[in-house]
């Protein structure tokens, strides 16, 4: 009887979760041939066929599915142990894995990470930029700084900011179109991925017939489209205001907002480096309240308010 190796199971899990050797390799940070070799060696050693190989990718056999179910149980146990061990780490060194959105990183968070590094050079900050909430329970990240609706129970943290939103356009675009009602402007808007964001919901409710010239799944991309003159974009004020080639138009500040939280798993709060990072970033985010609230004069008045 051959003993199972947890490292081998990680390769099996990666292929099963991602459906291909290439995607599994990217997730594990190894090359394609390493994943292929480890999967083939596992199947040969244990005389079991785990995957059906297709042009489109790898699918589990029935034996593979049974092993996967067991491996995920092991993964959950290992993850809990890792969290508890990391939670007892007392040294101000090591890695903190942060997940946040692109607009928050570029507008507010980035400079504070640089300042934190100057104070704690032995702590490496790894950032995953995504508009999806990564699973902190499974250690996809250690800390999240992002807009959150309902805080999941296993996570702990605090609300650090309230993001306000405004309308933004390039000066050239606005010069040509400032006399047109906002409802009749060209718009760059959120796609289906961002349908449940504050702008996604607001535009769906208030501008159901908006003339869209461009859609995207990130505020950074929407802001760039507005800078290029494709139309008006609804953006977080902290991001839109920092653009040297965008101006805020129409309404001053929209009467809609979103809360930003800094969160981690409760098991990790005993980690000195994670607690230190969270305390520092929470104070930094709170110091940016004026930027989050968009407190600067608009370039226009409310004469172009949305006609509904």
Seminar exercise, completed: Rounded to one decimal in nm, the spacing of the 7 Å Cα→Cβ label points at residue 126 and residue 270 is 2.3 nm
Exercise. Sorted by average packing, counted as other Cβ atoms within 10 angstrom per residue and highest first, what order do 140-147, 44-51 take?
Worked result: 140-147, 44-51
Exercise. Given R₀ = 22 Å, FRET efficiency for residue 41-residue 66 by Cβ-Cβ distance, to 0.05?
Worked result: 0.65
For this session: Determine which residues of the range 213-236 fall in the zone a paramagnetic label at residue 178 would reach in this model, i.e. backbone nitrogen under 13 Å from the point 7 Å along Cα→Cβ.
Result: none
Problem set entry | Shape category assigned to the range 148-288 from the gyration tensor of Cα positions, a/c cut at 1.5 | prolate
Exercise. Using alpha-carbon pairs under 8 Å, 6+ residues apart, how would you state the relative contact order of the range 193-244 in percent?
Worked result: 28 percent
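Just so you know, all these numbers are worked out from the coordinates, no wet-lab data involved. Remember, predicted model here, so these are calculated numbers, not experimental data. Positions of Cβ are backbone-derived with ideal geometry, glycine not excepted, and every protein chain shown enters the neighbour counts.
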